[in-house]
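Right, one structure below, let's go through it.
The values are calculated or read from the model by the stated rules, or taken from the named source; none is laboratory data. Predicted model, so just to flag it, every value in this text is computed and none were measured. Neighbour counts run over all protein chains shown; Cβ positions are idealised from the backbone, glycine included. Accessible surface areas use protein heavy atoms only, side chains included; no ligands, DNA or RNA. Shrake-Rupley method; radii C 1.70, N 1.55, O 1.52, S 1.80 Å.
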Amino acid sequence: MPVTIIQLAVAIVVIAAGALVQGSIGIGLGILTVPILSLIDPVMAPVPTLLLAIPLAISMAWRERTDIHGRSVIWLLLGRFPGAVFGLGLLAVATQRTLDILIAMSVLAAVAILSPGVKMPRNRTTELITGITAGIMGMVASMGGPPAALLFKDERGPMIRSTLALFFSFGLVVTLLARILAGRITGNDVLLGALLFPGLAIGYIASSRLRGRVDAMALRPAILTISSIAAVGLLVRAITG
């Protein structure tokens, strides 16, 4: 096994928390788990999180399918393809140290995007640009949610969760296929994804009970704080390691 039992147990708890948050408010799995798992052991992120994010997104999209805003998903996906290609180019030249820096910077960029007071009009142009940005961040750090979440931050909870989930369902498959074609997924990634799946299931089931009662605005500061601390830790490791 590529990690210790203790590392795996901690990672399962982290994944459960991320799935609970994303299942409740629409985003959170990547931004919360990737920097923490990277600190536990670099082999645990970002690909295992990517593998887990796909079934989570599909389940969420189906759960609230009647609230999906289809037009926005189309334009976001049109941007996701070129963004994924560009992100794949970054991965081709990235060392582990560079990857730590890219993940950390992606997290800090996501924190800035999701901070209070930041707004973006939602139209075809911004949806396309957001799709490109999400494609790059999704490829590099399995974290394409924050740019898309910014577009929908003032919408109703069911519309945010379902629309983002459908976008993630297709977008994550694009990212996964690109990584497979480029040979950027290993057997250890698949094994870790399978071992961490119980955490995903626990978090998703819990979110089904909480999604109508959770205040996204109350959760956001905690998510952003934890993610920022983990991202700074990754930067420190990359710089001093």
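At 1.4 Å probe size, with the rest of the protein present, what percent of the exposed accessible area of region 123-241 is carbon and sulfur atoms?
C and S fraction of accessible area: 70 percent.
Ranking request for peptides 225-236, 131-142, 158-169: highest mean number of other beta-carbon atoms within 10 Å first, then the rest in descending order.
Averaged packing, sorted descending, gives the order 131-142, 158-169, 225-236.
Rolling a 1.4 angstrom probe over the protein heavy atoms, how many square angstrom per residue are accessible across the chain?
Each residue of the chain exposes 43 Å² on average to a 1.4 Å probe.
Looking at region 65-140, which trypsin sites (Lys or Arg not before Pro) are in a loop (DSSP not H, G, I, E or B) and have at most 12 other Cβ atoms within 10 Å?
Sparse-neighbourhood loop trypsin sites (Lys or Arg not before Pro): 119.
What is the ratio of the Cα radius of gyration of region 90-151 to 2.2 N^0.38 Å, with N the residue count, to two decimals?
Relative to the rule-of-thumb radius for its length, region 90-151 sits at 1.17.
If I take the Cα coordinates of region 85-241 and project them onto the principal axes, what are the three extents in Å, biggest first?
Rounded to whole Å, the extents work out to 40, 35, 32 Å.
Which helices pass in the chain if a helix is a full DSSP H run, must span at least 18 angstrom along its long axis by Cα, and must have mean Kyte-Doolittle hydropathy not below -1.0?
5-25, 47-63, 70-92, 96-114, 124-141, 157-181, 187-210, 216-240
What residues qualify as long-range amide H neighbours of residue 69, i.e. H under 5 Å apart, gap of 5 or more or another chain, H built at 1.01 Å from N?
Under 5 Å from the amide H of residue 69 lie the amide H atoms of 163, each far enough along the sequence or on another chain.
Rounded, prolate or oblate: pick one for region 37-106, where a ≥ b ≥ c are the square roots of the eigenvalues of its C-alpha gyration tensor, a/c under 1.5 means rounded, and failing that, prolate if a/b is larger than b/c, else oblate.
Oblate.
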